[in-house]
Amino acid sequence: MKKLVSAGEILVEIMAERIGQSFLESGPLLGPYPSGAPAIFIGQAAALGQPAGLIGAVGEDDFGQLNIERLRTLGADVSAIAVHTGHATGTAFVTYRADGSRHFVFNIRNSAAGLVGIDAAAQSMLAGTDHVHVMGSSLFSDRATEVALSAISTVKAKGGTVSFDPNIRREIMQASGMREALDQVLKQTDVFLPSGNELFLFSSAGDEKGAVDDLLQRGVSCIVLKKGADGAAYHDRHGTVALPGFAVDEVDPTGAGDCFGAAFVSFWLRDAAPVEALRIANACGALAVTRKGPMEGIFPLAEVEAFATTAGKGQP
Ligand code: ADP
């Protein structure tokens, strides 16, 4: 089976317990939960049985250990997660507003997460890697961008492939050169996984079809547009496949896009038909929102299959 790797921020997430709760005053918190978009992605891919590894950095502290243990339990290769002394593991504090939007307070760049690099362990992991997945949020500094671009060029040089989720998090993506970095990744992308309006980041077209055509012309092999509770649509040169979302009670949207992307890419790497990859990805995205905590809704393949079969009855 093909191995996939991602590189970037490893965090713990701590969330406000009540919707509308503000961090301007003390209040009850939940967590810590293991998190970081590339970590969620790799954890979900591993849970689906895909060989998957993460390049990143944590501090020598409980939060770092929590992340490494969770990823290891899910079956991920954690050999390229560096443990640093002198820096604490990255954190994200999140509050949910009444309108459903989220507000984050991140500590990434100045935490151990900011020390991500290609050391000997990462080099050795990349030597055995067929596919690199890049999260836009992982381009949070020049150093982190260099890691992503270097992973892409190592894997592309031996005929590998790349997937890219813009995962725009304005709170952390303020680095100068961000736009250029996103463009450089897109140029080398085979599978593009935007969510909602992120489809229009690289196209001035006014509608979905126009933006998709632009991207296909620029060399992207396929575009998978995530549409929250409405499911997702797959586009390539041959046409479009769209599937509705599975009906679930959403308790926490964080991590849905990462779990969705991990499932889609894992099945794409197995040469599954787009409709099958989309079905499993929709199931993983739906399951992800049913649990509080970004990685708490990651399930193994057998449970995802069982959910998709049961919940999918009556769907087209
Ligand atoms: P992102 O987290 O990247 O913004 P989305 O919110 O579109 O992405 O969620 C990713 C995928 O997760 C969706 O395409 C869908 O398959 C699934 N999903 C998300 N929210 C729900 C929901 N409320 N009900 C069912 N499925 C959902």
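The values are calculated or read from the model by the stated rules, or taken from the named source; none is laboratory data. Keep in mind it's a predicted model, so treat the numbers as computed, not measured. Glycine gets a Cβ as well: all are built from the backbone with ideal geometry, and neighbour counts include every protein chain shown. Each accessible area value is taken on the protein alone, full model and side chains, heavy atoms only, with ligands, DNA and RNA left out. Shrake-Rupley method; radii C 1.70, N 1.55, O 1.52, S 1.80 Å.
Spit out the partnerless Cys residues in the chain, using Cβ distances under 4.7 Å as the pairing rule.
Cys222
Using Cα positions and a limit of under 20 Å, work out the lysines in reach of Lys187, with same-chain residues fewer than 8 apart set aside.
Result set, ordered by chain and number: Lys156, Lys158, Lys209.
Rank-order 253-265, 202-214 by packing density, defined as the average count of other C-beta atoms within 10 Å over each peptide's residues, highest first. Walk me through the intermediate numbers first.
Details: 253-265: 28.6, 202-214: 15.2.
Going from most to least packed, we get 253-265, 202-214.
Given R₀ = 35 Å, FRET efficiency for Ala127-Arg218 by Cβ-Cβ distance, to 0.05? Please list the in-between numbers first.
Values: r = 29 Å, r/R0 = 0.84.
That pair, Ala127 with Arg218, gives E of 0.75.
Taking θ as phi - 60°, what are the ³J(HN,Hα) couplings along the range 189-199 by the Karplus curve (6.51, -1.76, 1.60), each to the nearest whole Hz, with x for Gly and Pro?
8, 9, 10, 10, 10, x, 10, x, 5, 4, 4
So which aspartates and glutamates pass the test for Lys3, namely a Cα distance under 13 Å, with those fewer than 8 places away in the same chain ruled out?
Asp77, Asp130
How much solvent-accessible surface does Arg218 expose, in Å² to the nearest 10, with a 1.4 Å probe and all protein chains in place?
Around 130 Å² of this residue is reachable by solvent.
On the protein heavy atoms, probe 1.4 angstrom, tell me the percent of accessible surface of the chain carried by carbon and sulfur.
C and S fraction of accessible area: 51 percent.
At a 10 angstrom cut-off on C-beta neighbours, averaged per residue, how do the peptides 176-185, 74-83 rank from highest to lowest?
Working: 176-185: 15.3, 74-83: 19.8.
Per-residue Cβ counts within 10 Å, averaged per peptide and sorted highest first, yield 74-83, 176-185.
May I ask for the Rg/Rh ratio of the chain, computed from Cα atoms with Rh as the Kirkwood radius, given to two decimals? Don't jump to the answer; show the numbers that get you there.
Values: Rg = 18.1 Å, Rh = 19.3 Å.
A ratio of 0.94.
Under the Karplus relation 6.51 cos²θ - 1.76 cosθ + 1.60, θ = phi - 60°, what is the ordered set of whole-Hz ³J(HN,Hα) values for the range 77-92, x standing for Gly and Pro?
In residue order, the calculated couplings are 7, 9, 5, 9, 9, 7, 10, 9, 8, x, 9, 7, 4, x, 9, 9 Hz.
Only helical DSSP H runs with n ≥ 4 go in: add -39500 (n - 2.57) per run for the chain, normalise by residue count and round the 222 nm mean residue ellipticity to 500 deg cm²/dmol. Working shown, then result.
Details: 9 runs with 108 residues, N = 316.
Taken over the chain, the calculation gives -10500 deg cm²/dmol.
Quick one: which residues, 5 or more positions from His84 or on another chain, have an amide H under 5 Å from its amide H? H modelled 1.01 Å from N in the peptide plane, none for Pro or chain starts.
Val58, Gly59, Glu60
Identify, among Ala272, Cys259, Leu139, the residue whose Cα sits farthest towards the positive end of the charge dipole of the chain, taking +1 on the Cβ of Lys and Arg and -1 on the Cβ of Asp and Glu, with the dipole about the Cα centre.
It is Ala272.
Skip the ligands, DNA and RNA, and give the accessible area per residue of the range 78-226 with a 1.4 Å probe, whole Å². Could the numbers behind the result be given before it?
Details: 6250 Å² over 149 residues.
Roughly 42 Å² per residue, with all protein chains present.
Using alpha carbon centroids, what distance separates the range 290-314 and the range 99-164, in Å?
Between the Cα centre of the range 290-314 and that of the range 99-164, the gap is 27 Å.
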